[in-house]
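The values are calculated or read from the model by the stated rules, or taken from the named source; none is laboratory data. No experiment lies behind these values; they were computed from the predicted model shown. Cβ: placed from backbone, ideal geometry, glycine included. Neighbour counts: every protein chain shown. SASA here: full protein model, heavy atoms, side chains in, ligands and nucleic acids out. Shrake-Rupley method; radii C 1.70, N 1.55, O 1.52, S 1.80 Å.
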Amino acid sequence: MSVRPYLRRTGEGEAHWFVGSLMTVKATGEQTHCRLTVVEFVNPPGFAAPLHRHQHEDEMFYLLSGTTEFRCDGEAFTAGPGDFVLLPLGLPHTFLVGPDEPLHALQITTPSGFEQFAAEAGTPALERRLPDPGPIDPAALGHAAARHGIELLGPPPQH
């Protein structure tokens with residue numbers, strides 16, 4: 001299958017509620033010859049990702065608005081709008097969103113595949129907004145992560 005150029009406008013792309021955040025897929029493996037995935041994330045203020053590592057892909061973030069602290073392999077990076085962060089494959093990492101505003105970022109993973117994990121672990125977003133707060137099923141998240149080469153290493157860090 002050949003890849004064709006396309007335009008994905010604001011508000012377009014498959015949207016999921018994923019671990020308390022809104023995720024909109026902008027580019028899939030199918031659209032990039034499995035080279036990369038691009039996802040637009042909105043994480044709520046104070047959000048923290050579980051400590052984890054990717055066994056198949058590098059993960060990158062380009063921050064559009066908000067602030068966050070990335071922690072990777074014993075280092076910490078505080079990032080804000082316009083900043084780019086690389087989290088190499090195999091290294092344990094997490095991130096903590098600042099308490100004052102949501103984080104709006106592009107997440108790029110290479111090679112592709114993250115979109116499949118997020119679709120399995122999340123639910124289709126009924127609206128393009130942050131989901132209502134609610135519990136996350138750690139067992140279901142762990143099983144989906146394991147099927148997609150993501151190793152959960154610990155709970156989200158505390159601020």
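Brief remarks follow.
- Tally, over segment 116-139, of residues that are of a type in the set (G, A, S), open to solvent by less than 50 Å² (accessible area, probe 1.4 Å) and out of contact with any helix residue (DSSP H, G or I) (no Cβ under 7 Å at 6 or more places or on another chain): 4
- Qualifying positions in segment 10-47 - touching a residue at least 60 places away in the same chain (Cβ under 8 Å) and on the phi > 0 side of the Ramachandran plot: G11, V19, G20, C34, G46
- Matching residues, segment 98-115, being part of a loop (DSSP other than H, G, I, E, B) and surrounded by 15 or more Cβ atoms within 10 Å (Cβ to Cβ): G98, P102, P111, S112, G113
- Qualifying residue in segment 27-42 (condition: polar (S, T, N, Q), buried (at least 18 other Cβ atoms within 10 Å of the Cβ) and in contact with a Gly (Cβ under 7 Å, 6 or more places away or on another chain)): yes
Residues checked against (1) of a type in the set (F, W, Y); (2) under 15 Å from L89 (Cα atoms):
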{"position": "V25", "(1), (2)": "no, no"}
{"position": "C34", "(1), (2)": "no, no"}
{"position": "P50", "(1), (2)": "no, no"}
{"position": "E57", "(1), (2)": "no, yes"}
{"position": "F61", "(1), (2)": "yes, yes"}
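- Looking only at segment 53-75, residues that are assigned to a strand (DSSP E or B) and either basic (K, R) or open to solvent by less than 70 Å² (accessible area, probe 1.4 Å) (or both) come to 13 in all.
- Members of segment 1-26 that are exposed (fewer than 12 other Cβ atoms within 10 Å of the Cβ) and of a type in the set (A, V, I, L, M, F, W, C): M1, V3, L7
- Residue in segment 49-62 that is small (G, A, S) and over 10 Å from the mean Cα position of the chain (by Cα) present: no
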